[in-house]
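Trainee: Following this message is one structure expressed as structure tokens.
Since every read-out is calculated from the coordinates, none of them should be taken as a lab result. Keep in mind that this is a model prediction, so the values were computed, not measured.
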Amino acid sequence: MSRRWRADEKTATKTLPKTNQLCWRGDALPALLTTTAVADPHPRREVTVLTVNNGQEVLVDLQGEGRAVRLACIQAPLAEQKPWAERATAQLRRSLQPGSIVALELRARDVYGRVVARLINNGADVAAPLLRQGAVFAYDGYLGQCNDLDYDRFESTAKTAQLGIWSVPGGIKRPWNLIEASGGRLAP
């Protein structure tokens, strides 16, 4: 499935333009992003879960189109980081069954063209238990788009309890460091 999102701006910035609109082949997505950033910094829209791709990416149906959504403010272990990546994916799959209707809370978009968002299932943030149980890292690579979330606290709780990725002294290697060291060969 191709990822065809692009921003209204010339650069591939990590945050949305001031109007908070993304474009689909040059046309605005009116039903998703109709409010300004000042009125609603994180607009919400109901979407249907199609599948979980990995511990941080979900494919959703948005207005009849499959869209890759990267969960905001977390970083799952890379596929090469076994068994941690499989565990994060399995945990996310347990919380997001195909066909589930969830709220997508827009945060940004990333350099890979994915929508970056929180997903809310039955009123609960799906990333929170991943962090609390040590399945993923808290990650604010989105220029302050995570300041209103308690993800660092959730991660700290898992770290103190030595859960999941924190059961290894100091935690496993950070995925963002592995990506950088690979020269971009590894993808998140």
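Trainee: For the stretch 41-179, what proportion of DSSP beta bridges, expressed in % and rounded to the nearest 5, is antiparallel?
Mentor: Rounded to the nearest five, the antiparallel share is 90 percent.
Trainee: For the stretch 157-164, just list the computed ³J(HN,Hα) in residue order, Karplus coefficients 6.51, -1.76 and 1.60, θ = phi - 60°, integers in Hz, with x standing in for Gly and Pro.
Mentor: 4, 5, 5, 4, 7, 6, 9, x
Trainee: Using the reciprocal of the averaged 1/r over all distinct C-alpha pairs, how large is the Kirkwood radius of the stretch 96-153 in Å?
Mentor: Evaluated on the stretch 96-153, it is 12.5 Å.
Trainee: If amide H atoms are built 1.01 Å from N in the plane of the peptide, which residues on other chains or at least 5 residues away come under 5 Å of the amide H of residue 55?
Mentor: Sorted by chain and number, the residues that satisfy this are 89.
Trainee: Please compute the Cα-Cα pair-distance distribution of the stretch 41-179 with 10 Å bins starting at 0, giving whole percents from short to long.
Mentor: Final binned percentages: 13, 46, 34, 7, 0.
Trainee: With θ set to phi - 60°, apply the Karplus curve 6.51 cos²θ - 1.76 cosθ + 1.60 along the stretch 98-108 and write out the HN-Hα couplings as whole Hz, x wherever there is a Gly or Pro.
Mentor: My calculation for the stretch 98-108 gives x, x, 5, 9, 10, 8, 9, 10, 4, 10, 5 Hz in order.
Trainee: Turning to a different aspect of this structure: How large is ³J(HN,Hα) for each residue in the stretch 60-74, as worked out from phi by the Karplus curve 6.51 cos²θ - 1.76 cosθ + 1.60 (θ = phi - 60°), to whole Hz, x for Gly and Pro?
Mentor: Values per residue, Gly and Pro as x: 10, 9, 10, 6, x, 10, x, 10, 7, 10, 8, 5, 5, 6, 9 Hz.
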